[in-house]
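The values are calculated or read from the model by the stated rules, or taken from the named source; none is laboratory data. What you see is a predicted model, and the numbers here were worked out from it, not measured in a lab. Because the Cβ atoms are built from the backbone with ideal geometry, glycine has one as well, and the counts that use them run over all protein chains shown. Side chains are part of the model used for accessible areas, which takes the heavy atoms of the whole protein and leaves out ligands, DNA and RNA. Shrake-Rupley method; radii C 1.70, N 1.55, O 1.52, S 1.80 Å.
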Amino acid sequence: MAPVTQMADAKNGCNVDAPKGSRSCAVCKVTEGRPFLQAPDRFHGRKELYQLLKCPSCSFVWLDAPPRPEEMERHYGSDYDRLIAEAGERSPGRWQDRRKTLAELKTGGALLDLGCSSGSFLQSMKGKPWTLHGIEISPSVAKTAEERTGAQIFVGDVLAAPFAPSSFDVVTCFHVYEHVYEPVKVMAKVQEWLKPGGIFYFLVPNIDSAAAKVFGSYWYGLEMPRHLSHYSPNALRAIGKAVGLEELSIITRREPHIEYSSRYLLDAGLQKLGITRAPMAQAKPVSLPWRVVRKAYRLSILPVLSGLVALAGDGESIHALFRKPV
Ligand SMILES: [Zn+2]
């Protein structure tokens, strides 16, 4: 899914929650973040280390001195877009699952999808009693979404979108909220755009998950430096409370990304032995012998590893439902 960053605002020189280099927590405002961990961009196989800071009070984690919006192009690119598209193709059932969750709370109305990408989710809602809207930073991707879904797509930054207060019954945001520079301002905007009783339904990686703890700086969900904000259920509760949204539910679920995390770990081990593999961004279709090895790994070691991670704690993905008070 394409990132919804605060590009427009940053370019216009507006204030941000935590100015570049600031160590204050964007949620608590006064609490200073403490060094949490360092990691490079393992997806692209780059060496530059990034520092995460963690708030000792609310547990919000953020990227210290993140790349500027105009530098972000170098950190996304076609390899990343391909990976995201492939992930969408692999699990078409995800939209059905999310529709079902929404249907328990709302059966129709105006819906806005933040970071709607090429509109897969909006397409799955098409033809139902919904008026569809989206926000997408890339003009070409937004055009695809519009053609595919008939939705009205605002092209640009979330905070620059001109929607009137109390416009939407539902706002959704699936694996995009971790890409924003100013998470508190974005959720405050969602609160403003929702009608009283409206629902904010979003998914983010769980920095407090078992896999994050087991894999540390090799955890796939870190996605340095594309993920600027990292959340635990507690941090999300704190943000929701700060902007006046009620928590309906926050649950965690397993995500099948353990293979990526273990690949990062394996590659680092191989490098110590002098063997360098192409980074995941440039991974070619694997040859038959490697496919056999991979199949054996998936059938033997991976289930054991997944089982061990499951024993270590919560799932890797947070599914959150907030409501604007009536
Ligand atoms: Zn905090």
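Within region 218-237, the residues that satisfy the criterion of being open to solvent by less than 30 Å² (accessible area, probe 1.4 Å) and in a helix (DSSP H, G or I) are 220, 221, 222, 233, 235, 236. Considered as a group, the residues in region 1-41 that are at pLDDT 90 or above, more than 11 Å from the ligand (Cβ to nearest atom) and in a loop (DSSP other than H, G, I, E, B) include one that is surrounded by the fewest Cβ atoms within 10 Å (Cβ to Cβ), and that residue is 40. Would you please name the residue that is farthest from the ligand (Cβ to nearest atom), looking only at residues in region 64-76 that are touching a residue at least 24 places away in the same chain (Cβ under 8 Å) and open to solvent by 70 Å² or more (accessible area, probe 1.4 Å)? Checking each candidate, the answer is 70.
Taken over region 46-63, the criterion of being surrounded by 18 or more Cβ atoms within 10 Å (Cβ to Cβ) and either closer than 20 Å to residue 219 by Cβ or more than 14 Å from the ligand (Cβ to nearest atom) (or both) is satisfied by 50, 52, 53, 54, 55, 59, 60, 61, 62, 63.
Scoring residue 189 on the criteria (1) within 17 Å of the chain's Cα centre (by Cα); (2) within 22 Å of residue 116 (Cβ to Cβ) leaves a single failure, condition (1). The residues of region 197-251 that are hydroxyl-bearing (Ser, Thr, Tyr) and closer than 30 Å to residue 267 by Cβ, listed by number, are 209, 217, 218, 220, 229, 231, 232. Taken over region 202-211, residues that are surrounded by 21 or more Cβ atoms within 10 Å (Cβ to Cβ) and touching a strand residue (DSSP E or B) at 6+ places or on another chain (Cβ under 7 Å) amount to 6.
For (1) of a type outside the set (A, V, I, L, M, F, W, C); (2) out of contact with any Gly (no Cβ under 7 Å at 6 or more places or on another chain), each residue gets a yes or a no:
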position: 183; (1), (2): yes, yes
position: 188; (1), (2): no, yes
position: 191; (1), (2): yes, no
position: 225; (1), (2): yes, yes
position: 232; (1), (2): yes, yes
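You will find that of 248, 222, 236, the residue that is under 13 Å from residue 52 (Cβ atoms) and in contact (Cβ under 8 Å) with a residue 12 or more places away in the chain is 222 and no other.
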